[in-house]
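What follows is a set of notes on a single structure, which appears directly below.
The values are calculated or read from the model by the stated rules, or taken from the named source; none is laboratory data. Just so it is clear, the structure is predicted and the values come from calculations on it, not from any experiment. All Cβ positions, glycine included, derive from the backbone under ideal geometry; neighbour counts span all protein chains shown.
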Amino acid sequence: MFKDRKTRRNGTPAEATVLSIEDLSGRSADTLRRFSHLLEVRRADGSSFQAEVRGVFGLTGLRPREFDVLRVKYDPDSLHVVFDLDGDPRYDLEASTARTLELRRQAAEAERARRGESSLRD
């Protein structure tokens, strides 16, 4: 836990691809489940390494899926990796809500513009 906080705060940013996911919760009926994610982490120099990241996510909620490309942070010495999901609308509820509202606003503006153009032609 402390290692995760330290890596989140001081880790090196990188991009990773989710290679596989394992549900570690067993036959639990809980909606919150513990998952193990096998990642391929790409360093800035182009080299890569594989790492396991465990996390608790809602079974049907916003969580990384296989083949997702996402941000992580890692400790260059130990290669300890943590997700860096804040602000990513695929996984961050506040960012997802803000993105949805922005798309709705854009759609409403486009509809108003379309109606305005059609009324000018009539």
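When restricted to residues that are buried (at least 16 other Cβ atoms within 10 Å of the Cβ), acidic (D, E) and over 14 Å from R5 (Cα atoms), the stretch 75-97 contains 1.
Would you say L19 is surrounded by 15 or more Cβ atoms within 10 Å (Cβ to Cβ) and either aliphatic (A, V, I, L, M) or modelled with pLDDT under 95 (or both)? When the stated conditions are applied, L19 does not pass them.
Residue by residue, here is whether (1) in contact with a helix residue (DSSP H, G or I) (Cβ under 7 Å, 6 or more places away or on another chain); (2) closer than 25 Å to G26 by Cα; (3) in the same structural domain as R33 (by TED's automatic domain parsing) holds:
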position: G46; (1), (2), (3): no, no, yes
position: G55; (1), (2), (3): no, yes, yes
position: G61; (1), (2), (3): no, yes, yes
position: F67; (1), (2), (3): no, yes, yes
position: L70; (1), (2), (3): no, no, yes
position: Y74; (1), (2), (3): yes, no, yes
position: D77; (1), (2), (3): no, no, yes
position: V82; (1), (2), (3): yes, yes, yes
position: S96; (1), (2), (3): no, no, no
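The residues of the stretch 57-74 that are surrounded by 11 or more Cβ atoms within 10 Å (Cβ to Cβ), of a type in the set (A, V, I, L, M, F, W, C) and touching a residue at least 40 places away in the same chain (Cβ under 8 Å), listed by number, are V69, L70, V72. Among the residues of this structure, R54 does not count as one that is surrounded by 14 or more Cβ atoms within 10 Å (Cβ to Cβ) and either under 15 Å from I21 (Cβ atoms) or under 18 Å from the mean Cα position of the chain (by Cα) (or both). Counting only strands (runs of 3 or more DSSP E) that sit wholly inside the stretch 1-63, those with at least 2 residues that are over 19 Å from Y91 (Cα atoms) are 48-58. Of everything in the stretch 35-50 that is among the hydrophobic types (A, V, I, L, M, F, W, C), modelled with pLDDT of 95 or more and within 15 Å of P64 (Cβ to Cβ), the residue that is surrounded by the fewest Cβ atoms within 10 Å (Cβ to Cβ) is L38. Among residues of the stretch 4-16 that are under 14 Å from R42 (Cα atoms), those with a Cβ under 8 angstrom from a residue that is surrounded by fewer than 16 Cβ atoms within 10 Å (Cβ to Cβ) and among the aliphatic types (A, V, I, L, M), sequence gap 6+ or separate chain, pair up as T12/A44; A14/A44; E15/V69; A16/V69.
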